[in-house]
1. Give me the pairs, please: first residue somewhere in region A:108-132 and within 14 Å of chain B (Cβ to nearest Cβ), second residue anywhere and loosely packed, with under 12 Cβ neighbours inside 10 Å and modelled with pLDDT of 90 or more, beta-carbon distance under 8 Å, and either six or more positions apart or on two chains.
2. Taking the residues in region A:224-276 that are acidic (Asp, Glu) and in a helix (DSSP H, G or I) as candidates, determine which candidate is farthest from A:VAL170 (Cα to Cα).
3. Tell me the residue from A:ILE244, A:ILE219, A:ILE229 that is closer than 13 Å to A:LEU38 by Cβ and either at the interface with chain B (Cβ under 9 Å from one of its Cβ atoms) or modelled with pLDDT of 95 or more (or both), please.
4. Which residues, counting only those in region B:368-392, are part of a strand (DSSP E or B) and free of Cβ contacts under 8 Å to residues at least 24 places away in the same chain?
5. Among A:THR120, A:THR147, A:THR116, which is touching an Asp or Glu at 6+ places or on another chain (Cβ under 9 Å) and closer than 18 Å to A:MET89 by Cβ?
6. Within region B:331-372, which residues are surrounded by fewer than 20 Cβ atoms within 10 Å (Cβ to Cβ) and under 17 Å from the mean Cα position of the chain (by Cα)?
7. Take region B:302-330 and flag every residue that is under 16 Å from B:ASP64 (Cα atoms) and surrounded by fewer than 19 Cβ atoms within 10 Å (Cβ to Cβ).
8. Determine whether region B:98-116 contains at least one residue that is outside any helix (DSSP H, G or I) and surrounded by fewer than 24 Cβ atoms within 10 Å (Cβ to Cβ).
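The values are calculated or read from the model by the stated rules, or taken from the named source; none is laboratory data. Note that the structure is predicted; figures quoted are calculated from it, not measured. Note: ideal-geometry Cβ built from the backbone for every residue, glycine included; neighbour counts use all protein chains shown.
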Amino acid sequence: MEFVNSVFVKPFQDMAGAPDFLLQVLWEGLVAGVLYALIALGFVLIYKSSRIFNFAQGIMVVFAALTLVTLYEKGVPALLALPLTLAVMFALAVAIERVVLRPLVNQPDIILFMATIGITMFLIGFGETVFGGENKAMITEALHIPTGSYTFEPFGGLVLIEQKDLTAVVGAVVLVCCLLLFLHRSRLGRAIRALGDDHQAALSVGISLSTIWVLVWFIAGVIALATGIVWGARAGVSFALEVIAYKALPVLMLGGLESVSGAIVGGIAIGVLEKLFEIYWGQPLLGGNTETWFAFVLALIVLLFRPQGLFGERIIERV
Amino acid sequence: MKTNMTRLALSALLSVGVLGAVPALAEDIVSLPNLSYRTGPFAATGIPLMNGQRDYMTMINERDGGVNGVKLGYEECETGYSTEKGVECYEKTKATGIVTQPWSTGITLQVLPRSNVDKIPILAPGYGFSPMADGKVFKWAFNPPASYWDGASMILRHISEGNLDNLKGKKIVLLHLDAPYGKEPIPLLQALAEKHGFTLLPIPVGVKEMQNQSAQWLQIRRENPDFVLMWGWGAMNAGALTEAVKTRFPMEKFIGIWWSGHDGDMKSVGEEGKGYRSLSWSVPVSDSQAMQDIKKYVLDPKKTEIGEGEFDWVFYQRGVLISMFTVEAIRAAQEQFNTKVVNAEQLRWGFENLKLDEARLAEIGMTGMIAPFETSCDNHSGHAGAWMLQWDGAKFVKVSDLLQADQTEIAPLVEAEAKKYADANAPWPMNDECKM
């Protein structure tokens, strides 16, 4: 009876008893969710256009953020360092397409996946040689990201909203909107989607595979930079940032590997649900740290009923 | 043909020369492997520690030509703080190394039973399994100058103003990395909580959550504890401090163990982290003779390079002290066994007979950098004291007198847990030579 009470009654009593705290939990979950969605988007874009699961997305976040911070440390003004970092990410996209992907055209998917692991290893080694392994502070102020906080007192309680987090959420929403507009309204965006739908058909109408690959890897680089700035502002920029990419895996399982909207909805759903579960069930009943596995369990449950994920395309192969 | 003959003769000469040189080299160098981590999620904290270790040994080689003429062969094997890679590194280096420095509690626990068989001393300064302090049970393991349980005891004595009964009714959160290192103080803290009537609430932080600790700090906000103690490492420290600032948790109630007091981590919070304290068994004294010699013999001639400002960091200078333990153990063993090139067994004796009193610290130019301590066959930790360092917005400064752990509370637990470990790993070879 006590168990039933602690699982089905007490958590809801706690929520009702401290609604301001619940609001804070929901806000923190939303922020985390938007950030997970941002990482997942990088994976989705590349997978959508090339059927490659980009294992290097995590290290690209680190690489982009470290490039930005290092340029600033070398005396480049922040607003110039930003486009220069984008130029570096573009150069990286071109190099990956020329050196890694082009020679592997028509190879099985697993070979391309392994190639992205190779890119990860290279970027780790190269990055550590160039940037060193030390923790660097994100140049939040130089980028004019507000650092204060807003205080609200709903239900006689307290809700704190960091301006940094608010900026991250707004920035992520703007980035996603631009991306959706680009994918649906521009010629190149339609070409990316066409490649995702049918490679051979897209090639037959003159869409250049190499141009699109460079483009999607560059967009993934832009997303990586945005992710790096936002996460780096939370706890500094170091190679530890790479592990946050793993948070995108359950998002992809939940939302589907090919769906931009799936990445967004999946990211936000996981962010909010894992936070609620950790605070109201995980910490009191299981000793905490449920965030490391909760999202995977949730995604697996969804996969039981929808193997393609919530928004993924259902693939039917007739034999 | 003639050319071939000449090449052959040259090769033969070279071979003879090289082979002939082997015994001479072997006599002059001792191999001191370090299972380091300069890569991966914990690199930011690992790098200054490894740099400090490397630079002290380089300085001894450059300034003195080694220890009594024996060069220190400092070699790193990269683990990335991964236990699996750490074990691989141990296996790779055990044939030549006369010591192993596992650099993580997880790796230490893995190599602990192996070192007994391989007869290689483990040096785990200020980390590892706390009961390793019991030299009668752990013949080959050393955790000078203090164990995590010593650290936990010192922090509690400090916040209770010397009397743990003052903590009665208080709530203390232990924010810890969800790894063997982070869990290490829990048995002692739980025992002390029961005895002195305070509530202990451990809150784990997973490696993937190090940079997003909002759930942990929401719980801290809900629990409203009197103190938060942190056993954090790598990016977890910066992540926790950022969240503490964000949730407006009073910094004076937030105290970290010695691995949670890294200048590099504090960069992300800067001024806002003012008031945060970290227990430390080492204090940076940049104008000490030893540090100045490192500058003169290693850094200025660009034998090695370190980051800007790193020379004054707590972790860099702690790395220097850690290498000093090995150097002093080698020196003691050389004297005891009347030999130049000591082997692993002799070095074990050296670690067991470290005598770092004020006079010796002054002699080696390290006055004030560490509290005096000595080890013995039954005390492999030394139970040295430590100080509270406080972040002033730009650097850590010493804000307490020397703190000491309460051994009357720790010793019974050390003995019980050491026995439990030996029983669980029976037949466990005890240190029968130790009659203390």
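1. none
2. Per the criteria, the residue is A:GLU242.
3. Going through A:ILE244, A:ILE219, A:ILE229 in turn, just one is closer than 13 Å to A:LEU38 by Cβ and either at the interface with chain B (Cβ under 9 Å from one of its Cβ atoms) or modelled with pLDDT of 95 or more (or both): A:ILE244.
4. Result: B:GLU374, single match.
5. Answer to the check: A:THR120.
6. If the condition is that a residue be surrounded by fewer than 20 Cβ atoms within 10 Å (Cβ to Cβ) and under 17 Å from the mean Cα position of the chain (by Cα), then B:PRO372 is the only one that fits.
7. If the condition is that a residue be under 16 Å from B:ASP64 (Cα atoms) and surrounded by fewer than 19 Cβ atoms within 10 Å (Cβ to Cβ), then B:LYS303 is the only one that fits.
8. no
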